[in-house]
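The values are calculated or read from the model by the stated rules, or taken from the named source; none is laboratory data. A quick note: this is a predicted structure, and the numbers were derived from the prediction, not measured. A quick note on method: Cβ atoms are made from the backbone with ideal geometry, for glycine too, and the neighbour counts reach across all protein chains shown.
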Amino acid sequence: MVYCRLIEYYYALVGGAVVYSRKGNYPKALEWHQKALVIREKVLGKEHPSTALTYNNLALVNSHLSDYPKALEWYQLSYDIISRVLGENHPCTKAVKDNIDILISNAPLVTPNP
């Protein structure tokens, strides 16, 4: 029962974060995604692909806030987990890699870690 409530709360937080993002209120979106991350990590663990997609969401919001180094950090964490767990050819892995490439091309002073 507690697990189900946590999952419901997680999706409510993500839904709220999406609404804030669409309205351009990225600081509030970031806050809600961070709260959602706490639940994901608690329920699924830090190395789960779904948790990694939450890292991807945090990266996207940070890029909207022009915090490109933090965005890259979240994207790389997401990529490392997803590629390790799902493989290099998985569509999610490719999507996160594309996000990294887009970030780097749009913010040229940002360089990926080796």
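For the condition free of Cβ contacts under 8 Å to residues at least 12 places away in the same chain and among the polar types (S, T, N, Q), what is the one hit in 63, 105, 78?
After ruling out the rest, the residue left standing is 105.
Return yes when residue 88 is more than 24 Å from residue 24 (Cα to Cα) and among the charged types (D, E, K, R) and no when it is not.
Here the answer is yes, as residue 88 does meet what is asked.
Restricting to region 25-38, and then to whatever is more than 14 Å from the chain's Cα centre (by Cα) and free of Cβ contacts under 8 Å to residues at least 24 places away in the same chain, can you tell me which residue is surrounded by the fewest Cβ atoms within 10 Å (Cβ to Cβ)?
Selected residue: 25.
Check 63, 50, 105 and return the single one that is under 12 Å from the mean Cα position of the chain (by Cα) and surrounded by fewer than 19 Cβ atoms within 10 Å (Cβ to Cβ).
50
Residues are listed down the side, and each one gets a yes or a no for (1) at pLDDT below 95; (2) out of contact with any Pro (no Cβ under 6 Å at 6 or more places or on another chain); (3) of a type outside the set (Phe, Trp, Tyr):
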| residue | (1), (2), (3) |
| --- | --- |
| 13 | no, yes, yes |
| 27 | no, yes, yes |
| 36 | no, yes, yes |
| 69 | yes, yes, yes |
| 75 | no, yes, no |
| 90 | no, yes, yes |
| 96 | no, yes, yes |
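Can you find a residue that is under 22 Å from residue 107 (Cβ atoms) and without any contact (Cβ under 8 Å) to a residue 40 or more places away in the chain anywhere in region 85-92?
No, the conditions are met nowhere in region 85-92.
Only residues that are crowded, with 18+ Cβ neighbours inside 10 Å and not aliphatic (A, V, I, L, M): list them for region 1-16, please.
Residue satisfying the conditions is 10 alone.
Among the listed residues 19, 110, identify the single one that is surrounded by fewer than 20 Cβ atoms within 10 Å (Cβ to Cβ), of a type in the set (Val, Ile, Thr), over 23 Å from residue 3 (Cβ atoms) and at pLDDT below 95.
Just a single option satisfies the conditions, and that option is 110.
In region 66-90, which residue that is of a type in the set (D, E, K, R) and part of a helix (DSSP H, G or I) is surrounded by the most Cβ atoms within 10 Å (Cβ to Cβ)?
In this case the residue turns out to be 73.
If we scan region 91-98, do we find a residue that is surrounded by fewer than 15 Cβ atoms within 10 Å (Cβ to Cβ), assigned to a loop (DSSP other than H, G, I, E, B) and of a type in the set (Asp, Glu)?
Among the residues of region 91-98, not one is surrounded by fewer than 15 Cβ atoms within 10 Å (Cβ to Cβ), assigned to a loop (DSSP other than H, G, I, E, B) and of a type in the set (Asp, Glu), which makes the answer no.
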